[in-house]
Every structure is written in C-alpha cells, then in structure tokens.
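The values are calculated or read from the model by the stated rules, or taken from the named source; none is laboratory data. These figures come from a predicted structure and were not determined experimentally. Positions of Cβ are backbone-derived with ideal geometry, glycine not excepted, and every protein chain shown enters the neighbour counts.
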Amino acid sequence: MNKAPAARKGGLFRWGALTPLILALGFLLPVLLLQIYLSVHQWTAYLGPWWAAQFVGLDLFREVLTEERFLRAVARSFIFAGASTLLSVLVGFGLAYLMQDPFRGRSFYYMLFIIPMLTVPVVVGYNFQMLLYESGPVNHILSLLVPGEVRISWLGHPVAAFASLVLIETWNWTPFVMIVMLAGLVSMPKEPVEAARVLGASRWQIFAHVTLPLLKPVLVLTLILRFLEALAEFPKFWTLTQGGPGTFTETIPVYLYLTSWDYFNVSKAAAMSYVVLLFVGVIIYVCIRALLRQKRALDIMFAQEGSGR
C-alpha cells in the first residue's frame with residue numbers, strides 16, 4: 001500500500017542527489033570537449049590559435065604512456081597516497097577506538113584532534129616549511145634530545161622530503177579518519193558485542209571477530225576516500241618542494257601543473273589528464289566493487305543472525 005509513496009520518495013532522493021552532478025557536467029562539458037580536441041591536436045601557447053592546431057591523433061597519448069618522467073610521477077603518487085592513507089587509518093582508527101566511550105575532557109580532546117583537518121592545506125604547507133628549515137624548530141628540538149647538533153635538510157634531501165610530505169599529509173587528514181571511524185563505532189549495534197562478552201570472549205577477540213567485521217564497510221569507504229584525496233594532493237607539494245629536490249617529489253598533479261603552466265605544452269597536459277582520468281576511473285570501479293562486496297557480506301551476516309534467533 002505504501003510502495004508508491006516510498007518509490008516516489010526514492011525517486012526524489014535520486015534526482016536530488018544527481019541534479020548537482022548533472023548541472024556540473026553540463027557546465028564543464030565545453031571544457032571537456034576542448035580538452036578532447038587539444039589532446040588529439042598538437043598545440044602550445046607559441047603555435048598560434050588553438051583552432052588551427054595540427055591533428056596528431058593518439059600520438060600524444062602514446063608519448064605520455066611511454067614517458068619515463070610521467071610513469072615515475074604516477075608511481076610516486078601511488079606510493080604517497082598508499083603510505084599516507086595507511087598511516088592516517090591506523091592512527092585515526094586508534095584515536096576513534098580510544099574516544100568511543102565518554103570520559104572527562106572528551107570534548108576538549110575531540111576539538112584538539114580535528115584542528116589539523118580544519119587548517120587550509122596551503123597554510124599547512126607554509127607552516128611546515130618554516131618548521132622544517134635546517135635551522136628551524138624541528139632540528140632545534142632534535143638537537144636538545146640527542147647529543148650533537150642536528151642539521152637535517154628535511155626538504156633538500158630526496159628521501160627526507162618525501163617522508164616529510166607523507167607525515168604532513170597524515171597529520172592533516174588523520175582527524176577525518178577519526179571522525180568517520182568514531183561515527184561507525186558509535187552507531188555499531190551493541191548486541192553482538194554484548195553476546196560475545198557473555199560467552200567469555202576477551203577484549204581482543206571481540207575486537208578481531210566482532211567489531212572489525214562490523215566496521216569493514218566503513219573502513220573500506222574511509223580507505224577509498226583517503227586514497228583518492230591523497231592521490232590528488234597538490235597544495236602541500238607545491239608550497240613545500242614544487243616537485244624537488246630534482247623530481248623526487250614530483251607527483252601527477254605537480255607534473256600536470258608544470259606541463260601546462262610552466263612548459264606551456266597544453267595538448268600534452270590534456271592527453272595526460274585523460275590518462276589520469278582513466279586510471280582514477282578504474283580505481284573507483286574497483287573500489288565500488290569492493291564496497292558492494294562488503295555490503296553483501298554484512299547483509300548475509302545480519303540475515304544469518306536474524307534466522308538464528
């Protein structure tokens with residue numbers, strides 16, 4: 001009897017969620033078409049009007065896919081996104097697990113922990129640039145803790161610069177993971193946990209066999225969102241290293257920016273952007289499949305519990 005109103009509400013919700021996306025795609029359609037045109041025509045800012053550019057077909061795509069510098073930028077982006085995502089999830093989940101039960105001063109700690117996420121990425125970059133100078137506060141503090149004077153070139157040494165960016169990204173976005181995981185822990189059904197306690201399960205057994213499986217969909221979603229955001233990180237790289245020293249911290253967004261705005265090779269940048277779009281599309285497809293698989297497993301688990309009762 002109530003199927004029609006429910007279906008109507010579902011349709012309204014879908015259209016309400018899709019309308020902004022459709023409007024955005026309509027607004028961006030001319031830009032996307034221009035990018036497609038430029039990616040199959042050789043044009044830079046020095047070659048006259050773009051509408052008179054020479055047609056080169058898929059040559060630019062072949063150049064991008066075989067260019068060592070671009071492939072290295074892709075590898076760095078994936079390493080950076082993977083490392084920062086893993087650290088953010090580990091620390092954020094730990095903080096959320098410790099804060100799930102009320103205690104005195106919880107609001108203060110919650111407010112303190114989310115401050116990094118509320119800081120503008122460019123401001124984060126400039127602040128850490130000052131902290132990481134050779135004669136800056138970080139080396140000064142380390143000099144007080146260890147014998148001798150510490151003079152680490154945090155942004156001048158390739159490994160130190162890349163590791164610093166990973167840690168800065170982790171510091172900036174761990175609060176996001178904490179908030180999402182805390183919401184998942186608080187909204188988790190209490191009955192399975194209470195049943196495991198009655199059966200004599202230890203705290204670790206409850207965490208490993210009850211809490212973690214119930215949180216898997218939230219955990220997978222958090223991993224996906226963090227990985228995709230870290231993959232597109234640009235402000236911190238540009239304010240701190242601009243891809244240096246050399247090209248050791250040059251990721252996909254940095255190389256795209258340099259190609260289009262420093263080298264003025266707009267056609268190559270357009271082809272590169274579509275290659276990156278294809279990579280990200282494949283990643284999103286795999287992630288959606290993983291989310292649906294987790295949801296089905298959770299539905300089966302709840303159905304089995306319901307039939308057992």
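Quick one: what pairs do we get from the stretch 238-252, first residue small (G, A, S) and modelled with pLDDT under 95, second in a helix (DSSP H, G or I) and crowded, with 22+ Cβ neighbours inside 10 Å, C-beta under 7 Å, 6+ apart or different chains? That search, which allows pairs on different chains as well, returns G243/F237; G243/V254. G48 meets each of the listed conditions (1) in a helix (DSSP H, G or I); (2) of a type outside the set (A, V, I, L, M); (3) without any contact (Cβ under 8 Å) to a residue 12 or more places away in the chain; (4) farther than 30 Å from M117 by Cβ apart from (1). On the stretch given as the stretch 71-108, residues that are part of a helix (DSSP H, G or I) and either of a type in the set (D, E, K, R) or loosely packed, with under 14 Cβ neighbours inside 10 Å (or both) total 10.
So which helices (runs of 4 or more DSSP H) are wholly in the stretch 203-309 and hold at least 1 residues that are farther than 29 Å from E63 by Cβ and out of contact with any strand residue (DSSP E or B) (no Cβ under 7 Å at 6 or more places or on another chain)?
Working: elements: 203-206, 212-231, 235-240, 252-257, 266-308.
Output list reads 203-206, 212-231, 235-240, 266-308.
Do we find a residue being acidic (D, E) and within 30 Å of T247 (Cα to Cα) anywhere in the stretch 165-186? Step through it out loud before you land on a result.
Going residue by residue through the stretch 165-186, those that are acidic (D, E) are 169.
Now restrict to residues that are within 30 Å of T247 (Cα to Cα): 169.
The answer is yes, given that some residue of the stretch 165-186 is acidic (D, E) and within 30 Å of T247 (Cα to Cα).
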